[in-house]
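Novice: Below is the structure I would like to discuss, written out as structure tokens.
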Amino acid sequence: MTDNFAELTTECINPATAHIDECTTLEMVTLLNAEDKTVAAAVEKILPDIARAVDAVADSFKRGGRLFYIGAGTSGRLGVLDASECPPTFGVPPEMVQGLIAGGDGALRNAIEGAEDNRTLAADDLTARNFCAADVLCGITASGRTPYVLGGVDFAKTLGAVTIGLSCVENSKLARAVDIALTPVTGAEALTGSTRLKAGTATKMVLNMLTTAAMIKLGKVRGNLMVCVQATNDKLRDRARRITEQLERGNH
């Protein structure tokens, strides 16, 4: 792994989109779609690793532990998004899955990019939430070298907690530092270095799998029905009614 950003695959120039600024609108979106089609294949290659991570998270939950996501920028926002969707979807307390972003909640809407270079900040954030050995830490960084995330992983390891690292660059610092490395290698972005694109899409897919599969293993799903969904609006009340009717008919 190098500290030369230009050598990261996520920072390389993509020849397929080198002239995207000269394209018609349809040609532009066609090129973007073609790049997106490669993401699912990259995730498919690491399914055994994702399964290991799911089992680790589910085991922690069964022991009363929690899952923490940490990241900066897009990676941090995706972690917060996945965490925030768990309570309404699976009826779990918000403390069970938590997302931390470098720079705090203000970074969700406004970029606070310098915060990601602080290697000690994550330890402070985790300590404030009483992170302990029973919990699982999932560090998220497309480049695999964000100091905020690496510092959080170091802190979690000193406590004996299981660590997971999600990055999109082969043999990254993060992958080498964690217990379970999740590395969907998405390659050069359609816009050079814009990891909100393919890397972000791969990250969202993996995080979806982690919490969805872990919650299934905890019994929060019957068949493919979200039996613990929180009916907090008209749509969800209707869904809850239909789920109840399907269960009563014995369809699941």
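The values are calculated or read from the model by the stated rules, or taken from the named source; none is laboratory data. Source: prediction; values computed, not measured. Counting neighbours? That spans all protein chains shown, and the Cβs are built from the backbone with ideal geometry, glycine included.
Novice: Considering only the stretch 71-82, state which residues are in a helix (DSSP H, G or I) and either buried (at least 21 other Cβ atoms within 10 Å of the Cβ) or in contact with a helix residue (DSSP H, G or I) (Cβ under 7 Å, 6 or more places away or on another chain) (or both). Walk me through it before giving the result.
Specialist: Within the stretch 71-82, the first condition is being in a helix (DSSP H, G or I), and the residues that meet it are 73-82.
Answer for the stretch 71-82, where residues must be in a helix (DSSP H, G or I) and either buried (at least 21 other Cβ atoms within 10 Å of the Cβ) or in contact with a helix residue (DSSP H, G or I) (Cβ under 7 Å, 6 or more places away or on another chain) (or both): 73, 74, 75, 76, 77, 78, 79, 80, 82.
Novice: For the stretch 83-105, which residues satisfy the criterion of being in a helix (DSSP H, G or I) and not hydrophobic (A, V, I, L, M, F, W, C)? Spell out how you get there, then give the answer.
Specialist: If we filter the stretch 83-105 for residues that are in a helix (DSSP H, G or I), which is where we start, we get 83-90, 105.
Result: 84, 85, 87, 88, 89, 105.
Novice: Which of the residues spanning the stretch 176-189 are of a type outside the set (A, V, I, L, M) and part of a helix (DSSP H, G or I)?
Specialist: First, pick out the residues of the stretch 176-189 that are of a type outside the set (A, V, I, L, M): 176, 179, 183-184, 186-187, 189.
Residue satisfying the conditions is 176 alone.
Novice: Another one. Being of a type in the set (A, V, I, L, M), within 14 Å of residue 79 (Cα to Cα) and either surrounded by 16 or more Cβ atoms within 10 Å (Cβ to Cβ) or touching a helix residue (DSSP H, G or I) at 6+ places or on another chain (Cβ under 7 Å) (or both) is the requirement here; does residue 102 meet it? First the steps, then the outcome.
Specialist: Numbers: of a type in the set (A, V, I, L, M): yes; within 14 Å of residue 79 (Cα to Cα): yes; either surrounded by 16 or more Cβ atoms within 10 Å (Cβ to Cβ) or touching a helix residue (DSSP H, G or I) at 6+ places or on another chain (Cβ under 7 Å) (or both): yes.
Considered against the rule, which asks whether it is of a type in the set (A, V, I, L, M), within 14 Å of residue 79 (Cα to Cα) and either surrounded by 16 or more Cβ atoms within 10 Å (Cβ to Cβ) or touching a helix residue (DSSP H, G or I) at 6+ places or on another chain (Cβ under 7 Å) (or both), residue 102 comes out as yes.
Novice: Scan the stretch 46-68 and tell me whether some residue there is surrounded by 13 or more Cβ atoms within 10 Å (Cβ to Cβ), modelled with pLDDT of 95 or more, in a strand (DSSP E or B) and not hydroxyl-bearing (Ser, Thr, Tyr).
Specialist: Yes, the stretch 46-68 contains a residue that is surrounded by 13 or more Cβ atoms within 10 Å (Cβ to Cβ), modelled with pLDDT of 95 or more, in a strand (DSSP E or B) and not hydroxyl-bearing (Ser, Thr, Tyr).
Novice: Related question: I need a count of the residues in the stretch 4-33 that are among the hydrophobic types (A, V, I, L, M, F, W, C) and over 26 Å from residue 171 (Cα atoms). Full working, then the answer.
Specialist: So the first thing to find is which residues in the stretch 4-33 are among the hydrophobic types (A, V, I, L, M, F, W, C), and the list is 5-6, 8, 12-13, 16, 18, 20, 23, 26, 28-29, 31-32.
Imposing the further condition that a residue be over 26 Å from residue 171 (Cα atoms) reduces the set to 18, 20, 23, 26, 28-29, 31-32.
Matching residues across the stretch 4-33 total 8.
Novice: Select from the stretch 120-145 the residues that are of a type in the set (Gly, Ala, Ser), part of a loop (DSSP other than H, G, I, E, B) and surrounded by 19 or more Cβ atoms within 10 Å (Cβ to Cβ) and list them in ascending order. Show your work before the answer.
Specialist: Just the residues of the stretch 120-145 that are of a type in the set (Gly, Ala, Ser), to begin with: 122-123, 128, 133-134, 139, 142-144.
Still in the list and also part of a loop (DSSP other than H, G, I, E, B): 133-134, 142-144.
If the condition is that a residue be of a type in the set (Gly, Ala, Ser), part of a loop (DSSP other than H, G, I, E, B) and surrounded by 19 or more Cβ atoms within 10 Å (Cβ to Cβ), then 142, 143, 144 are the ones that fit.
Novice: On to the next question. Only one of these conditions is not met by residue 13: (1) surrounded by 14 or more Cβ atoms within 10 Å (Cβ to Cβ); (2) not in a helix (DSSP H, G or I). Which number is it?
Specialist: (1)
Novice: Here's a follow-up. Criterion first (of a type in the set (A, V, I, L, M) and closer than 27 Å to residue 34 by Cβ) does residue 202 satisfy it?
Specialist: Numbers: of a type in the set (A, V, I, L, M): yes; closer than 27 Å to residue 34 by Cβ: yes.
So residue 202 passes the test.
Novice: May I ask you to list the residues in the stretch 198-225 that are of a type in the set (A, V, I, L, M, F, W, C) and surrounded by fewer than 21 Cβ atoms within 10 Å (Cβ to Cβ)?
Specialist: Just the residues of the stretch 198-225 that are of a type in the set (A, V, I, L, M, F, W, C), to begin with: 199, 202, 205-207, 209-210, 213-216, 218, 221, 225.
Scanning the stretch 198-225 gives 205, 209, 213, 216, 218, 221, 225.
Novice: Based on what the data block shows, is residue 237 surrounded by fewer than 15 Cβ atoms within 10 Å (Cβ to Cβ), assigned by TED's automatic domain parsing to the domain that holds residue 82 and assigned to a helix (DSSP H, G or I)?
Specialist: No: the conditions fail for residue 237.
Novice: Shifting gears a bit: What are the residues in the stretch 190-233 that are assigned to a helix (DSSP H, G or I) and within 17 Å of residue 87 (Cα to Cα), if any?
Specialist: Just the residues of the stretch 190-233 that are assigned to a helix (DSSP H, G or I), to begin with: 198-217.
Hits for the stretch 190-233 are 207, 208, 209, 210, 211, 212, 213, 214, 215, 216, 217.
Novice: Here's something else I'd like to know. Within the stretch 146-175, can you find the residues that are part of a strand (DSSP E or B) and within 15 Å of the chain's Cα centre (by Cα)?
Specialist: Taking the stretch 146-175 and keeping what is part of a strand (DSSP E or B), we get 162-166.
Passing the criteria: 163, 164, 165, 166.
Novice: Please work out if residue 175 is touching a Cys at 6+ places or on another chain (Cβ under 7 Å) and small (Gly, Ala, Ser). Break it down into steps so the answer makes sense when it comes.
Specialist: Details: touching a Cys at 6+ places or on another chain (Cβ under 7 Å): no; small (Gly, Ala, Ser): yes.
In short, no.
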